[in-house]
Amino acid sequence: MSADQPTGFVSCVKVDNQTFGSLDIFNSKKEAEQAAAKNACNQLNITGVKNFKGMLHDYMFRATCRHSPPVHYETTMSADQPTGFVSCVKVDNQTFGSLDIFNSKKEAEQAAAKNACNQLNITGEKKKEKRKKEKKKAKSKKRSGSEACFSQIDFGSDADEGRGFNDPYLRNLFTDILGGPKYLQFGTWAPYYYQIDVECLLNASKTAQEWTEEPAIASHYQRVAIQVLYPSQLCYNSYRPTGKEQTKQRHLEIMGYKVVHVPFDEINMKNKATTLSEKMDYLHKKIFD
């Protein structure tokens, strides 16, 4: 605990008979110890731990065309300090020493490898950059592949919404069914911004009435919302509307509409399985029955 601040903490770390303090007061022991360790690293010029032996081994492995790398370490006890170790590494008939005495063989060999890397200008940066480029390339390839796959999938009906009242063939077909252009309206908007392909009014005897937007008059008739459904608006391999279209249908029905779903394939001009008269009969039953 700090004498100046009862709720604060200070710390010091001892490294080889040297003491390094935290230089400030901190709220927790952990922060104080981290600050002391940081101060020690700065004073001892410790910038980070690298595996110099691995860097040297990889460098020679590539340089010798992936044959057994000619790297050999000689580590012995120090003559000046019986408990210390010194090491040297031989690389292509060149010898690089550890330049100091260390407490363990591992530290001595790492120091010798570090000296060799510095003398041979081996930084390992090229390998890191190569790995970064490879990872970036792999991510880019994976992303582009995913985009290509997803671009072939239609996740919604927004792209096809409104196509029904823009197709001249369909406009003529519905106009003929309902008896003329004055009995229907294309591309209307229901409350809550629901777009309707074709809208018409039916009386009690189920015959088309002249279209009007006057609420007082239209309220006496059945409002019919005809929706032309394209493949993206239908469930896979069926004529069942997607969840979005079914939700739209329920909302329109709550607002008083009779919703008529017409799959485009059933009335498609290119569908030679049925004649034009059969298509007309199909639409007549869907709308008036």
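The values are calculated or read from the model by the stated rules, or taken from the named source; none is laboratory data. As the structure is a computational prediction, the values presented were derived from the model and not from experiment. So basically every Cβ, Gly included, is an ideal-geometry build from the backbone, and we count neighbours across all protein chains shown. Heavy atoms of the whole protein, side chains included, go into the accessibility calculation; ligands, DNA and RNA do not. Shrake-Rupley method; radii C 1.70, N 1.55, O 1.52, S 1.80 Å.
Highest mean first, the peptides 228-235, 208-215 sorted by other C-beta atoms within 10 Å per residue fall in the order 228-235, 208-215. In segment 162-289, the alpha-carbon atoms span a convex hull of 107 Å³ per residue. Taking every alpha-carbon pair in segment 234-289 and binning the separations at 5 Å intervals from zero gives 4, 17, 21, 21, 20, 12, 4, 1 percent.
Close Lys pairs in segment 222-289, defined as Cα atoms under 17 Å apart and 8 or more places apart or on different chains, number 4. The listed residues M55, M77, M60, M255 rank as M77, M255, M55, M60 when sorted by accessible area, largest first, using a 1.4 Å probe. For segment 253-259, the Karplus equation 6.51 cos²θ - 1.76 cosθ + 1.60, evaluated at θ = phi - 60°, returns couplings of 5, 4, 7, x, 7, 9, 9 Hz by residue, with Gly and Pro reported as x. Quotient of the Cα radius of gyration of segment 206-245 and 2.2 N^0.38 Å, N being its number of residues: 1.70.
At the residue level, R171 shows approximately 90 square angstrom of accessible surface with a 1.4 angstrom probe and all protein chains present.
When +1 charges are put on Lys and Arg Cβ atoms and -1 charges on Asp and Glu Cβ atoms, the dipole computed for segment 174-289 relative to its Cα centre reaches about 300 debye. Of the residues L44, L184, the one with the largest accessible area comes first in the ranking L44, L184, computed with a 1.4 Å probe on protein heavy atoms.
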